[in-house]
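K.L.:
Please read through the structure below; I'll follow up with questions.
Bear in mind these aren't lab numbers, they're just calculated from the coordinates by the rules spelled out. The structure displayed is predicted, hence computed values, not measured ones. Cβ sites come from the backbone with ideal geometry, for glycine too, and all protein chains shown count toward neighbours.
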Amino acid sequence: MSPKTFLALAVLVMVAGLVVVDQREARAGEVTPPPGYKVLEPIRHGNLTVFPVVAAKSYPTGQFLTLDEGLRSGDVVVTEAGNVQGLIRRHPGPAIRNDSAQVNRLVLVNNSKRPLLLLAGEIVTGGKQDRVIGRDRIVPAESDPVDLSVFCVEPGRWVAASAHFGASEAMYGSAFAGSTKRAQPPMAMMAQPSVRAKAMGDKDQSQVWAEVRKQQQAMETVEVSAAAPEVATEISRTSSYAKVNENEEVKRQVDAVAKPIEQNYQSLIRQLRDRNAVGVVVAVNGRIIWADVFASTDLLEKYWPKLVRSYASEAVVTRAKEVEVGVNQAQAFLGNMEGRREMIESEPGIYRHTEISGDGFKAFSLTSLLPKTGFDVHVAKMVE
């Protein structure tokens, strides 16, 4: 090969290499949604915007028991670690022994014949302190006692309110007054995104407490408190995140934002059932803050009432100049899952939990490893 021919080939290789690099950089800058996910036109009310998410495929999730269903039936028992000896378990085995309760530890027994789905952000009230679940997980059917990773959302109490944990009255808004309210099934409330983020992302008890106090203080200063000073006084006297959200005036404020969106999207879910409505991208004051996506429409419907109230709670205490946010921005947020670091925790044959840390976000996916599954049951993404 002559020197001139060699030089020409070398130049061609270099040029080709530069073209490949440019194409990769261009692709990296493009917004591509996760396989099969599409963001639709938003539903807006006040400063809260919710973008429905539909999927190309839906998965069978009927086998999963939710925490609300388990607490309602009594098949799921949550208690302080020190009380575990009194629990009835279907499987023989060594009991977890602990003589004293701990802030970041609860014990759960699933006596149901169905696997239990737990979502980070769900709050159980009772025991010595109200707690928020820190990580998505699946608890197998008829389980032995399982240690739960939790965070306290009630920094001022360490006195037993009840032996076991249950749901919060915060899930019953002022729209459920009288007999209608009593007819509603109990539900464990979902913490608002800013509190969920501290438990899921920071995994730091002091950060969770700080955020709870911050939200309580913000609730004291919403417009309704100015009109009803006794509400602010009542809020300032309690350290319980759940109790603040159970306040009738606070519930009225949250309902004013939540109910129109809840009802509109509930109607939309029915219309979109054939298109597999599976989740939402959430914006407050025109700023995208969160996304929750499930494996099926049925699962979304079960969690939708508590999720929309958590988003509304965030909107009530977040006041800023509103800007418009559109479908393209929501699609871009949902589509960007490229991270710098990935952490995986797994319980073989049960579930895998993956945490992705990217530029300005964290994403979490819970994958079922149970027989005949292998799909993501829940995906959550938050802005940092």
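K.L.:
Relative to the present Cα-Cα distance, how much length would full extension add between Arg252 and Lys214 at 0.36 nm per residue of separation?
P.N.:
Answer, rounded to one decimal: 11.7 nm.
K.L.:
Right, next: If I take R0 = 30 Å and measure r between the Cβ atoms of Arg105 and Asp359 in this structure, what FRET efficiency does the formula 1/(1 + (r/R0)^6) give, to the nearest 0.05?
P.N.:
Computed FRET efficiency for Arg105 and Asp359 comes out at 0.35.
K.L.:
Modelling each spin label as a point 7 Å along the Cα-to-Cβ direction, I'd like the Asp204/Leu370 distance in nm, to one decimal.
P.N.:
3.6
K.L.:
Need one number: nm distance between label points at Gln63 and Ser149, each 7 Å from Cα along Cα→Cβ, rounded to one decimal.
P.N.:
2.4
K.L.:
I'd like to compare 109-119, 332-342, 138-148: which one has the highest average count of other Cβ atoms within 10 Å, and what's the full order after that?
P.N.:
Per-residue mean Cβ counts within 10 Å order the peptides as 109-119, 138-148, 332-342.
K.L.:
Please list the radius of gyration and Dmax for region 239-384, considering alpha-carbon atoms only, with Å as the unit.
P.N.:
That works out to 16.8, 49 Å for Rg and Dmax.
K.L.:
Can you tell me the FRET efficiency between Lys38 and Ile350 if r is taken as the Cβ-Cβ distance and R0 is 41 Å, rounded to the nearest 0.05?
P.N.:
Plugging the Cβ-Cβ distance into 1/(1 + (r/R0)^6) gives 0.85.
K.L.:
Further question on the same structure: Quick check on my link table: of Lys198/Lys306; Lys57/Lys113; Lys38/Lys381; Lys203/Lys251; Lys113/Lys198, which ones sit more than 24 Å apart, alpha carbon to alpha carbon?
P.N.:
Beyond 24 Å: Lys57/Lys113; Lys203/Lys251; Lys113/Lys198.
K.L.:
Multiply the residue gap between Glu384 and Val323 by 0.36 nm, knock off their C-alpha separation, and tell me the result in nm, one decimal place.
P.N.:
20.0 nm
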